[in-house]
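First the structure, in the form of structure tokens, and then the observations on it.
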Amino acid sequence: MKASRTSLLFMISALLMVLLGVNDALRGIFTPLFTAVFGFSTAQVGVIVSASYLGNLTCLLFGGMILDKIGRKKAMAAFIAALALSEVLLVFGSAFPILIIGFFLSLGISTLLNTTINLLSDTFPPSRSLMYLSILFFLQGIGTSGSQLILTRYASSVAVWHGVLISLAVLLIPLFLAVLRMDMGTDMRISDEGAGRKEKSGIRYMPLILITISLGLYTITEHGITNYIMLYGTEYLKLSAENVGLGLALYSAGIMSGRLILSPVIDKVGAGRMVLLSIIAGFVFSSIVFSSDILPLLFFVGFGISIVYPTTVSLFRRYVPLSLGARVTTIAISIASILDVIFNAAFGKAIDIFGYGFSMPFLCAVLALAAIVGFPALIRKS
């Protein structure tokens with residue numbers, strides 16, 4: 001019974017992660033629709049991006065409390081229903097305020113569901129929970145890259161925009177019903193003995209602080225490469241957009257393939273040590289990329305860092321009582337996200353002052369700092 005319940009949870013989570021991947025890509029894919037058809041300015045598109053970031057932070061902060069208060073099953077079902085409603089709301093996105101609210105909710109709730117699935121990985125067999133989690137994040141990448149590959153040719157089509165949104169809303173309904181009917185067991189970790197130990201241990205603040213800062217520094221580098229590599233390649237290296245786009249695509253492919261290939265290794269090496277090794281690998285490969293300016297090598301950067309985010313998020317609740325696990329996890333991710341947003345806001349100005357030749361390699365130093373800060377917490381078994 002336990003095995004069938006785990007299999008069902010994995011299948012529901014797998015389908016949901018693919019849909020979340022598609023949902024997360026829509027803002028970028030349909031930007032030409034917002035500007036060329038709906039008539040919004042680039043500045044208004046920037047407001048939409050900012051609103052989605054704010055949605056991430058808001059939903060994470062309040063979502064953690066909801067998860068701890070009503071339980072993961074009810075919370076997950078409620079989040080899926082809310083995401084479906086946000087997709088319907090976006091159908092009316094030709095009105096700018098509605099588009100802002102729609103992306104605030106859809107991307108915020110998507111991040112919250114992503115985190116909820118990470119929390120639910122505790123119910124998978126302990127020896128393979130991180131492997132399953134990495135596979136789920138791989139499937140999310142399939143949803144994102146697949147939608148980008150297929151939908152970008154229809155980026156200005158109102159009919160396709162509406163069709164995708166309605167399809168997502170409809171596909172979320174059976175997942176909502178499946179979660180409601182599913183038996184999620186104790187809604188806690190499997191081992192009662194381990195759970196009792198964790199419940200009595202209280203909050204271990206120092207590893208929480210170190211891992212949160214390390215995660216924030218890591219996301220700065222990951223998103224910095226994603227957001228600025230096109231400008232770095234075309235404006236600084238004077239490469240064609242096609243060549244730089246190939247490097248960016250290989251970077252994403254590295255992340256996806258790494259999550260699939262490295263997933264069986266995580267539990268054997270240990271979550272914390274695997275994260276540390278992955279950050280170090282990312283630092284080494286990114287240093288090679290920015291010293292040689294061979295952008296196709298970004299594949300190895302993506303492969304190296306592929307498991308850092310999902311595995312790090314799984315670590316937070318190991319340092320707190322079970323009753324606070326979801327809340328602390330979402331707060332820690334929010335703090336890391338704030339560090340990321342603040343840095344990226346300043347990074348654009350740094351590029352203007354110091355140039356790409358200094359600023360982009362500086363991301364390697366930030367990744368090294370993530371390893372140094374996280375080292376005392378990551379190297380030890382929790």
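No lab work stands behind these numbers, since they all come straight from the coordinates. Quick caveat: nothing in here was measured; it's all calculated off a predicted structure. Cβ atoms come from the backbone with ideal geometry, glycine included; neighbour counts cover every protein chain shown.
Considering only GLY163, GLY63, GLY272, the mean-square fluctuation computed in a Gaussian network model of the chain, springs between alpha carbons under 10 angstrom, is largest for GLY163. Above 19 angstrom, tally the Cα pairs of region 205-276 and express them as a % of all pairs, no decimals. That fraction is 54 percent. Screening the chain for whole DSSP H helices with an alpha carbon extent of at least 24 angstrom along the helix axis and a mean Kyte-Doolittle hydropathy of at least 0.5 yields 2-29, 42-70, 72-90, 96-120, 129-151, 158-181, 205-231, 241-261, 271-292, 325-354, 356-378. If you wrap region 338-377 in the convex hull of its Cα atoms and look at it from every side, the mean projected area works out to 3.0 nm².
Dividing the radius of gyration of the alpha carbons in region 319-363 by their Kirkwood radius gives 1.29 for Rg/Rh. Placing a label point 7 Å from the Cα of MET206 along the Cα-to-Cβ direction, the residues of region 352-382 whose backbone N falls under 11 Å from that point are 376-377.
Segment ILE288..LYS74, full-extension length gain: 72.3 nm, with 0.36 nm per residue of separation and the alpha-carbon distance subtracted. Other residues with beta-carbon under 14 Å from the beta-carbon of ASN243 carry, at +1 per Lys or Arg and -1 per Asp or Glu, a net charge of -2. Only DSSP H runs of four or more residues enter the estimate; each adds -39500 (n - 2.57), and after division by the residues of the chain the mean residue ellipticity at 222 nm equals -27500 deg cm²/dmol.
Classify the chain: rounded, prolate or oblate, from the alpha-carbon gyration tensor (a ≥ b ≥ c, eigenvalue square roots; a/c under 1.5 rounded; otherwise prolate if a/b is larger than b/c)? Oblate, because a/c is 1.5 or more while a/b does not exceed b/c. Please state the Cα pair-distance histogram of region 231-382 with 5 angstrom bins from zero: what percent is in each bin? Bins of 5 Å from zero give 2, 9, 15, 19, 21, 16, 10, 6, 3, 1, 0 percent of pairs.
Once the chain from ARG380 to LEU180 is taken as fully extended at 0.36 nm per residue, the excess over their C-alpha distance is 68.2 nm.
Over all orientations, region 252-331 has a Cα convex hull whose mean projected area works out to 5.9 square nanometres. About its Cα centre, the dipole of region 1-114 is roughly 500 debye, where the only charges are +1 on Lys and Arg Cβ and -1 on Asp and Glu Cβ.
The listed peptides 8-21, 305-318, ordered by packing as a protection proxy, come out as 305-318, 8-21 (highest mean of other Cβ atoms within 10 Å first). Neighbours of MET131 by Cβ distance under 12 Å: Lys/Arg scored +1, Asp/Glu scored -1, total +2. Based on alpha-carbon centroids, what's the gap between region 8-25 and region 106-145 in Å, whole number please? If we compute the Cα centre of each part, the gap is 8 Å.
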